[in-house]
1. Amide H neighbours of Tyr326 under 5 Å, at least 5 residues apart or on other chains, H built in the peptide plane: list them.
2. Using 7 Å Cα-to-Cβ label points, what is the His461/Trp442 separation (nm, one decimal)?
3. In what sequence, highest mean first, do 401-408, 352-359, 424-431 appear when ranked by Cβ atoms within 10 angstrom?
4. Please work out the ratio of the alpha-carbon Rg of the range 405-512 to 2.2 N^0.38 Å and round it to two decimals.
5. Sort 491-500, 286-295 for me by packing, meaning the mean count of neighbouring Cβ atoms within 10 Å per residue, highest on top.
6. Scan around Lys253 for amide H atoms under 5 Å from its own, H built in the peptide plane at 1.01 Å from N, and keep only partners 5 or more places away or cross-chain.
7. Give a residue-ordered list of calculated ³J(HN,Hα) values for the range 147-155 (Karplus: 6.51 cos²θ - 1.76 cosθ + 1.60, θ = phi - 60°; whole Hz; x for Gly, Pro).
8. Rank these residues by their accessible area, most exposed first, probe 1.4 Å: Met487, Met298, Met58.
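The values are calculated or read from the model by the stated rules, or taken from the named source; none is laboratory data. Computed from a predicted model, the values in this text were never measured in an experiment. Cβ placement follows ideal geometry from the backbone for every residue including glycine, while neighbour counts extend to all protein chains displayed. Just the protein is used for accessible areas: all its heavy atoms, side chains included, with ligands, DNA and RNA removed. Shrake-Rupley method; radii C 1.70, N 1.55, O 1.52, S 1.80 Å.
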Amino acid sequence: MKRPITNNITNTNSNINTSTPISTNSGSGGGQKRVTRISHLRKGQQQKKSKPNPCVLMTGVITTILMTFIYLVTSSMHRTMMEENAAYEEQQMRLYQQQQQQQQQQQAQLQAQYHGSHGNSNGHGHGHTTPGQMLNSSPKFITVVLPSVVNPQGRQKRLASIAKTWGPNSNAIFITHEDGEYDAHAHDGKGQTDHGVGGGGGVSVGGSAGNSNGETKHRDRNAEQLGVNGNALGEEEEEEEDEFTSLYPQVLKVPQSVATVDEGVPRLHYVMETIVQKYNPDYAFFVNDHTFVIPQHMCTFLQKYGGGSTGGDGDMNSGSGNTHLYAGHALKPKGPPYAFNSGAAGDFLSRETMKSILQKQNQDDLDLDGNEKQHEHEQETTDSQECKGERKWLQGNPGLVTANCLKKTMGLDPIDTRDELGRHVFHAYGIVRTVKGDFDSWYISKHETLNEIWGEDEKFHYELKSGKECCSPQTISFHYVEFAETMALHATLQKILNVGGPSNISNDELQKFMLSVWPTEKRDIGGYSHNLPPLGKEDIWDDLLHVVKSIAPTVPFTGC
């Protein structure tokens, strides 16, 4: 028997949601109502979805405000920076112009003094100073450039590079043995002076030339050596001078009797005596032609140490060379009771110290009748022997003789010139080798016994430093620097000065510049110096760039 169809319908629709009434009217009216209701529901849902979210709107507004604020602040900061840079550049330009004016005034004064010291008794022409006559202007310091025993064939190039770089501002005096060791007109830039790190183009050859009798005669800066420019009577001929350029470097030719390495002590005596009598500087800095010097730091050093023999914070004006000063990079040999300053790194002597040495050395000179002086005290003869180095082997080691003389006759030791962090100011090696700390064993050993002179160094133990801490920011000298490296190091320091200081040049920029100017051939570097490190040696480069920036002067040289 068949089930009623209605039951099937009921069971089939049992799961239908009955909460929404559905019309069973099969006519068109019921279907239209259903469609209309669904349409209204969909419109309500769409209206709900399109209604703006207040949080999103607020976030957008805040973001817009922040972006606008940042833009305004950034623009304002950019304008401020540009204005500050413009003001800084204007200030630097004014400072540079003032310095140039000062330099021109100084040069004019020096020119007047130079020509005044060359005027003859009747006021006509250019005369010459008599032997031992002192120039009108006594410089605060001069730099005596002695011949280096290393690579003597390269000396002419080294002197030319010094004349182009640090020579003029350090008041350099070239000590020569022969004619032609230095040609004043052999380099470019005649008549132009660069008063930056210490360079100059104009070179004056106005030292003293010694004749065969050991006499000293002042030379015009364009005159040849006596005997070449002299007439048959041995008198120097007058010669018109060209336009004044610079008083330094000058040339001092020593007599042939002391113009050998074996005669180092007599040569130094002759040079020191001539310097004191003719130039009368407060201080003299003795180096050789393998040395690189930073003139600005010489002034700073003398301001600190120029006041007394003990190395205290004396004022340079109060000292004025009238107190003892023996300063450089001290070394202590094992055995002798004295320490000496490295001749490679250079050392300062005050006027008082030089006069005292000369006095000791001259104690056994002949009297006016040509007879040997009779000394009242045996100590005078002993002092003379100590200061002249009677033993033959000492004649070629004037640095040791000077140290022995100062210690035994005056009780004077070299002062400790390291800074408060134990960093040296005077260096006996080139900058690359010094940064790397690659020193010879003999050099290291001569620091181990400095406690015998200065006492114990509980903090640094007199040890040499390397890396970023190798060199004081007030570094004065490096050694074993050949002519090409002299030009490169000077150009590098000048580059830093020109951009306004180390903070205005990145390490990458500085490295690229150094690579572009530094010599690469070993013959241009020299046997005792090192090339720039390979690019892969980032740690050495990092140290080297740090040191170069730290020692770079930040203001042009304007004198002491």
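1. Residues meeting the criterion, in which the H sits 1.01 Å from N, are Ile415.
2. Here the modelled spin labels are 2.4 nm apart.
3. 424-431, 401-408, 352-359
4. 1.29
5. Taking the mean over residues of other Cβ atoms within 10 Å, the ranking is 286-295, 491-500.
6. Thr176, Ser208, Ala209, Gly210
7. Listing the rounded values in order: x, 7, 7, 8, 6, x, 5, x, 5 Hz.
8. Accessible-area ranking of Met487, Met298, Met58, largest first: Met58, Met487, Met298.
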